[in-house]
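My structure is below; once you've seen it, I'll send some questions.
The values are calculated or read from the model by the stated rules, or taken from the named source; none is laboratory data. Just so we're clear, the structure is a prediction, and the values are computed from it rather than from any experiment. Virtual Cβ from ideal backbone geometry, glycine too; neighbours counted across all protein chains shown. Heads up: the accessible areas ignore ligands, DNA and RNA and are worked out on the full protein's heavy atoms, side chains in. Shrake-Rupley method; radii C 1.70, N 1.55, O 1.52, S 1.80 Å.
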Amino acid sequence: MPFLRTDHWRCAIVHAPLAEIVDAASLNGFPITTLPDIGDHRFLADPFGLWRDGKLYVFAEAFDYRHPKGMIEVLIYDGTGRLLSRESVLEEPWHLSYPFVFEHEGEVYLLPEASASGRLSLYRATSFPRGWERVEAFDFPEAAIDATPFQHADRWWMFWTPAGSKVERQSLLNISVADTLTGSWKNLGLFLNDRAGARPAGTPVVVDGKIILPTQDCQGTYGRGIRLLEIEGLERELPKVTPGLTISIPASLRRRFGDGMHTLSAAGQVTLIDVKKIGLGPKRDLLNVKRRVFGA
């Protein structure tokens, strides 16, 4: 079987809240638990999570280079950090990734990246964490990449990257706004064009009164690292985006996974990350692999 260079991701739980990591501008010094290796030519990436009834539910993209179409899995941990179960919870005919999971008004929602479908779809849990239904009332007019919702100043904001060329997929940040989660959504336009960190990469967090958005640094390689953006002016519908500090791969994971990191997401008292090493994978459906792995 022919092989090519491919990205192999590994998710991890950092035992510290995201605000504390942002304040320290470092992942070093915090205990880290890696999620399981799911086998040759397969990986879990894009971890997002929430706590319910004392358990941590980690949602992640599951990808197999031999069948290159991502689906969403959930890994359930108890309060001691012991893995209880892992299973697939959402699959569509198209690629799914970046499963941004959140709670709102007593419901649990999932907003995965699904630009291959030509639209952005919001899902509501019908039987958490395994049952999901599409929210038909959700009105977002773009096939957004890594769309990241954020409720602030009594409105909803969406940070996202357009589904354009390879360069655009790795370097553009748009912002939209709506009065309600379902919309309708108004695109305020392009606010940053910078391959060093514009594509959303995790959970927005407020630290010392400032909105901080993790983004991907894609200089040289897709998902090279994390850069923090400071966003202000949302209340006036005049966002200002200022590039900030970078967050490096934690020293404890750098030897094995020193080639990149592209998620930094909050889950209560823990933070979820993914790190990568560049290795070899089977040469199957190369176009789809490039679209997923390199943001093409």
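Could you please find all residues in region 47-103 being within 21 Å of GLN269 (Cα to Cα), touching a strand residue (DSSP E or B) at 6+ places or on another chain (Cβ under 6 Å) and free of Cβ contacts under 8 Å to residues at least 24 places away in the same chain?
Result: SER85, single match.
Can you say whether ARG155 is more than 30 Å from ARG5 (Cα to Cα), of a type in the set (Lys, Arg), open to solvent by 10 Å² or more (accessible area, probe 1.4 Å) and touching a Ser or Thr at 6+ places or on another chain (Cβ under 9 Å), as far as the supplied structure shows?
So ARG155 fits the description; yes.
What is the one condition in (1) open to solvent by less than 10 Å² (accessible area, probe 1.4 Å); (2) in contact with a Leu (Cβ under 6 Å, 6 or more places away or on another chain); (3) within 18 Å of PRO250 (Cα to Cα) that ALA45 does not satisfy?
(2)
Another question, if that's okay. Name the residue, out of GLY260, GLY268, that is modelled with pLDDT of 95 or more and open to solvent by 30 Å² or more (accessible area, probe 1.4 Å).
It is GLY268.
Further question: Could you give me the residue pairs with C-beta distances under 6 Å whose first residue belongs to region 220-246 and is under 20 Å from ALA45 (Cα atoms), whose second residue is open to solvent by 40 Å² or more (accessible area, probe 1.4 Å) and among the aliphatic types (A, V, I, L, M) wherever it lies, and which are 6+ apart or on separate chains?
Sorted first by the residue in region 220-246, then by its partner, the pairs are LEU228/LEU245.
To keep it simple, each residue is scored yes or no on (1) of a type in the set (D, E, K, R); (2) surrounded by fewer than 21 Cβ atoms within 10 Å (Cβ to Cβ); (3) at positive phi.
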{"residue": "ILE21", "(1), (2), (3)": "no, no, no"}
{"residue": "PRO31", "(1), (2), (3)": "no, yes, no"}
{"residue": "HIS41", "(1), (2), (3)": "no, yes, yes"}
{"residue": "GLY54", "(1), (2), (3)": "no, yes, yes"}
{"residue": "LEU84", "(1), (2), (3)": "no, yes, no"}
{"residue": "GLU87", "(1), (2), (3)": "yes, yes, no"}
{"residue": "VAL101", "(1), (2), (3)": "no, no, no"}
{"residue": "GLY106", "(1), (2), (3)": "no, yes, yes"}
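Name the residues in region 193-221 that are buried (at least 24 other Cβ atoms within 10 Å of the Cβ), assigned to a loop (DSSP other than H, G, I, E, B) and of a type in the set (A, V, I, L, M, F, W, C), would you?
Of everything in region 193-221, those that are buried (at least 24 other Cβ atoms within 10 Å of the Cβ), assigned to a loop (DSSP other than H, G, I, E, B) and of a type in the set (A, V, I, L, M, F, W, C) turn out to be ALA198, ALA201, CYS218.
Restricting to region 112-130, and then to whatever is in a strand (DSSP E or B) and of a type in the set (S, T, N, Q), can you tell me which residue is surrounded by the most Cβ atoms within 10 Å (Cβ to Cβ)?
THR126
Hey, any hits in region 229-237 for a residue that's open to solvent by less than 10 Å² (accessible area, probe 1.4 Å), over 18 Å from THR33 (Cα atoms) and in a strand (DSSP E or B)?
yes
While we're here: From the residues in region 180-191 that are part of a strand (DSSP E or B) and touching a Ser or Thr at 6+ places or on another chain (Cβ under 8 Å), which one is nearest to LEU234 (Cα to Cα)?
LEU188
Is there a residue being surrounded by fewer than 20 Cβ atoms within 10 Å (Cβ to Cβ), out of contact with any strand residue (DSSP E or B) (no Cβ under 6 Å at 6 or more places or on another chain), of a type in the set (S, T, N, Q) and modelled with pLDDT under 95 anywhere in region 280-291?
Looking through region 280-291, at least one residue is surrounded by fewer than 20 Cβ atoms within 10 Å (Cβ to Cβ), out of contact with any strand residue (DSSP E or B) (no Cβ under 6 Å at 6 or more places or on another chain), of a type in the set (S, T, N, Q) and modelled with pLDDT under 95.
Going by the conditions given, is PRO149 open to solvent by less than 20 Å² (accessible area, probe 1.4 Å) and of a type outside the set (Ser, Thr, Tyr)?
Considered against the rule, which asks whether it is open to solvent by less than 20 Å² (accessible area, probe 1.4 Å) and of a type outside the set (Ser, Thr, Tyr), PRO149 comes out as yes.
Name the strands (runs of 3 or more DSSP E) wholly within region 137-179 that hold at least 2 residues that are in contact with a helix residue (DSSP H, G or I) (Cβ under 8 Å, 6 or more places away or on another chain) and either within 23 Å of HIS262 (Cα to Cα) or among the hydroxyl-bearing types (Ser, Thr, Tyr) (or both)?
Counting at least 2 such residues, we get 155-161.
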